[in-house]
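Nothing in this text is a laboratory measurement; each read-out follows from the coordinates by a stated rule. Keep in mind that what you see is a predicted model, and the values were worked out from it rather than measured. All Cβ positions, even for glycine, are placed from backbone atoms using ideal geometry, and neighbour counts span all protein chains on display.
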Amino acid sequence: MSAPAPLLRPRLDIDLAAIAANWRELARRAAPADCAAVVKADAYGLGLAPVARALAAAGCTTFFVARPEEGVALRAILKEARILVLDGLAGRPPAAFLEAGLEPVVGSLAELRAWRAARARAGLGEEIVLLIDTGLTRLGLDPAELEAHPMNRRQLERFRAALALLPRARASLAASSGIFLGEAFRFDLVRPGAALYGVAPTPGRGNPMRPVLRLTAPVLRVHEVGEPGAVGYGASFSTRAGMRIAVLPVGYADGYPRAAGGRARALVAGCEVPVVGRVSMDLLTLEVSALPAERVGPGTPVELLGERFGVDDLAEAAGTIGYEILTRLGRRFERRYLGGQEG
């Protein structure tokens, strides 16, 4: 087998076909409920335009964003989609939402009055999307005093109680993980986010989602350790004679978490190797002593994220969650979209 071609710079491959397949799988599981898609925060950092187009091509017609400006950007991409803004009016005049073709997810009585009046002036109906706080103490119409556990069942009870106070309406409770809690949680519409992008919706069990990302970076140089020493800031990893340390141009400025140093792993020439020493702003280091010297040199591609070591694995190594890893992956990477239209 010939050696892989040298890699010139770090590259993030984003599999749009996998995102579309994940949406179709979630839609299948949620049926007969409808399945929307959450594309806030630039589609969780992966690129709003290509991701939204891929989801729309897969059949998605309803999209959620967080900020009004995200909704405006999405409307320029998808002319016919239904776009809902989770932050609600966010202090903007209701007329701006009507002009942009956006719907605020109303989270207070004041917003409800303002949005209802604006729709009436525009000759529109009474279809309004309400957000009900079922226990997160964030946005939404407040229920009574909270109880912390068990949250899933308690949230379901609160949601049903709130629905009973309203006229008959379509309802949505489940995000990614909620889809897997059973039919009782799905109601009329589900709104997955992270699961679309490969994050496991069922922690502690197998991930039913297809992986979406592959992050590769070239080796800059390989140190042949001649005498005992240390690697990186703080000398947190000690070396011994005969070790080989590979240096890669990826660091926490690129979204690779500093806390993953000494805990994460990477794939070189099909072999798992440890990330050693501290991750710095622009560099990280691997111990590649287990590999033959001829297999690792400048330009050798290293897989930092992929099927063997995915977003959730890196998140666990860094003591965080896959959502944070996704949204922090930096813009210094060359980005390549696979299985769909880039744009």
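Among 254-266, 43-55, sorting by the average number of other beta carbon atoms lying within 10 angstrom of each residue, highest first, gives 43-55, 254-266. Of the Cα atoms belonging to the range 1-68, the radius of gyration and Dmax stand at 15.6, 52 Å. Pairs of Cα atoms in the range 194-343 fall into 10 Å distance bins, from 0 up to the last occupied one, in shares of 11, 41, 33, 13, 2, 0 percent. Distance from the C-alpha centroid of the range 275-343 to that of the range 84-130: 42 Å, rounded to the whole angstrom.
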